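The values are calculated or read from the model by the stated rules, or taken from the named source; none is laboratory data. Quick caveat, the model's predicted, so the values are computed rather than measured. FYI the Cβ positions are ideal-geometry reconstructions off the backbone, even for glycines, and counts take in every protein chain you see. To get the accessible areas, we keep the full protein, side chains included, count just its heavy atoms, and leave off ligands, DNA and RNA. Shrake-Rupley method; radii C 1.70, N 1.55, O 1.52, S 1.80 Å.
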Amino acid sequence: MKWDIQVESDEWRARGLWRELREIEAASGSVIQWNGRELVNFSSNDYLGLAGSQELQAALHEGVDRYGAGAGASRLVCGTLSPHLVLERALAQFKRTEAALVFSSGFATALGVIPALVGHGDTVILDKLCHASLVDAARLSGAVLRVFPHNHFPRLEKLLQTAQGRVLVVTESVFSMDGDRCDLAELVELKDRYGAWLLLDEAHAVGVLGPQGRGLAAELGMEGRIDLHMGTLSKALGLSGGYLAAKRQVIDWLINRARSFVYSTAMLPSLAHAATKALEVVAGAVGDELRTRLWLHLQRLNGGTLPPSAILPIILGEESAALASSQRLMEAGFLIPAIRYPTVARGAARLRLTCTAAHRQSQIDSLLRELNVQGFQR
Ligand SMILES: *Cc1c(COP(=O)(O)O)cnc(C)c1O
């Protein structure tokens, strides 16, 4: 077969799907420098603005001073240092579970956890809008993969009725490209009725929802009924890394069987040290202040009512329409990227607008004016 990557790239480009990296010259708080211009950044997942926090920068420095640069090996070989264990205890406490395990990223968490728990003869059932890491992990596991339409629980129940082997239901508390939530109370009832396990990915909810920013399960008081709490340290926590929190038995099994844990070098100890600090900030009084500011901004952006999350998509449909709008907003000084297939379905292209506690009200108001000028309802 003739294999021409250029032809394939040109096709992708012709369909309005081509992406390029853009180098940002400097980022501080809500403003980035790009191509010599200042843009107000409405595309970040740094919901509390902690990526720029002096306190976390200081914690990283302190971590390097105390523990050096690299961990040197995987955790099981000789890479487990005290900051890893301290972070895992803090995460377990934050999630109200017996134990937790950290991975190098949220993506690596999914890839390690799902195939460690289910395999041939088992069934993984996912919400249609689940993140790519969850889909890839389910495929990798070798279990039968079933998908239900977004938040459509009657269809989920049908799938539960015929599922074989161990059954794992996978969903997110806040969906990353739509910003809506799953109906967790109903889902938990359902999975319990069929004896299935639930993996809940709280990537976009931690720091933003629930008491102390502990997520949607905490907001609903349902933490004890979630089998597997997954999340990332890279969004509201402002750093990088992923985690799974669960019963001690499950964590001990993952230490043995999650391949992205066993065969990967330990997280930088300085990062683990700083992540413990980030959790403290998120769960403490400063976190509460930042959440209050964030939700005031979100309410303002949402026309006076509270939206379900910090992600406010503007759905445009055509890939080219989303690109053109994103371009016009950039000319007006705002960075709001066009999200296209394959990140979202074909013909469901959108602007993915996110807001953070680092924004100022004046920036929110000028965005609202610009959206209005461009004829968007938000
Ligand atoms: C971002 C994200 C991940 C991956 O987390 P990283 O730490 O960035 O690798 C996983 N799940 C969801 C829902 C996400 O939004």
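Could you tell me what percent of the DSSP beta bridges with both partners in the chain are antiparallel, to the nearest 5?
60
With labels modelled as points extended 7 Å from the Cα through the Cβ direction, what inter-label distance (nm, one decimal) is found for residue 222 paired with residue 265?
4.0
Please give the net charge around residue 198, taking every other residue with its beta carbon less than 15 angstrom from that of residue 198, where Lys and Arg add +1 and Asp and Glu add -1. Provide the component values of the computation, followed by the final result.
Working: positive: 95, 146, 166, 181, 191, 193, 225, 247; negative: 122, 127, 157, 172, 183, 186, 189, 192, 201, 202, 223, 227.
Residues close to residue 198 contribute a combined charge of -4.
In this model, which of 2/128; 191/277; 95/128; 247/277 are farther than 29 Å apart at the alpha-carbon?
Listed pairs above 29 Å: 2/128; 191/277.
After finding the eigenvalues of the alpha carbon gyration tensor for the stretch 22-122, what semi-axes result from the square roots of 5 times each, listed largest first in whole Å? Walk me through the intermediate numbers first.
On the way: eigenvalues 202, 89, 44 Å².
Working through the eigenvalues yields semi-axes of 32, 21, 15 Å.
Work out the length of the dipole vector of the chain about its Cα centre, built from +1 on the beta-carbon of each Lys and Arg and -1 on the beta-carbon of each Asp and Glu, and round it to the nearest 20 debye.
The dipole of the chain has a size of about 440 debye.
Once the Cβ-Cβ distance between residue 183 and residue 289 is put in as r, and R0 is 30 Å, what FRET efficiency do you end up with, to the nearest 0.05?
Numbers: r = 30 Å, r/R0 = 0.99.
After rounding, the FRET efficiency stands at 0.50.
I'd like the carbon and sulfur percentage of the solvent accessible area for the stretch 54-283, probe radius 1.4 Å, heavy atoms only, ligands and nucleic acids excluded.
Working: 4800 of 9340 Å².
Carbon with sulfur: 51 percent of the solvent-accessible area.
May I ask you to list the residues of the stretch 91-135 whose amide nitrogen lies under 20 Å from a point 7 Å from Cα along the Cα→beta-carbon direction of residue 248?
Answer for the stretch 91-135: 91-102.
Compute the length gained on full extension between residue 65 and residue 193: take 0.36 nm times their separation in residues and subtract their Cα-Cα distance, giving the result in nm to one decimal.
41.0 nm
Have a look at 284, 294, 307 and report the one farthest towards the positive end of the charge dipole of the chain, computed about the Cα centre with Cβ charges (Lys/Arg +1, Asp/Glu -1).
Of the listed residues, the answer is 307.
Per residue, how much space in cubic angstrom lies within the convex hull of the C-alpha atoms of the chain? Mind dumping the intermediate values first?
Working: hull volume 61.4 nm³, N = 378.
Hull volume over Cα atoms, normalised by residue count, gives 162 Å³.
For the chain, what's the relative contact order in percent, using C-alpha pairs closer than 8 Å and at least 6 residues apart?
With pairs under 8 Å counted, the relative contact order is 23 percent.
With unit charges on the beta carbon (Lys/Arg positive, Asp/Glu negative), name the residue among 132, 116, 32 whose Cα is farthest towards the positive pole of the charge dipole of the chain.
Towards the positive end, the residue furthest out is 116.
Rounded to the nearest 0.05, what FRET efficiency is calculated for residue 374 and residue 17 with R0 set to 30 Å and r the Cβ-Cβ distance?
Calculated transfer efficiency: 0.85.
Calculated FRET efficiency, residue 128 and residue 34, Cβ-Cβ r, R0 51 Å, to nearest 0.05?
0.90
What are the equivalent ellipsoid semi-axes of the stretch 236-378, built from the alpha-carbon gyration tensor (square roots of five times its eigenvalues), in whole angstrom, biggest first?
Result for the stretch 236-378: semi-axes of 36, 22, 14 Å.
What's log10 of I(q)/I(0) for the stretch 172-285 at q = 0.14, 0.21 Å⁻¹, Debye sum over Cα points only, no solvent?
-0.64, -1.28
Find the Cα radius of gyration of the stretch 267-316, compare it with 2.2 N^0.38 Å by division, and give the number to two decimals. List each step's numbers first, then the result.
Details: Rg = 15.2 Å, N = 50, 2.2 N^0.38 = 9.7 Å.
Rg over 2.2 N^0.38 Å, computed on Cα atoms: 1.56.
Rolling a 1.4 Å sphere over the protein heavy atoms, what is the accessible area per residue of the stretch 306-378, to the nearest Å²? Intermediate values should be presented prior to the final figure.
Working: 3080 Å² over 73 residues.
Roughly 42 Å² per residue, with all protein chains present.
Quote the convex hull volume per residue of the stretch 125-188, based on C-alpha atoms, as a whole number of Å³.
Dividing the Cα hull volume of the stretch 125-188 by its residues yields 75 Å³.
Please give the per residue accessible area of the stretch 100-194, computed with a probe of 1.4 Å over protein heavy atoms only, in Å².
For the stretch 100-194, the solvent-accessible area averages 40 Å² per residue.
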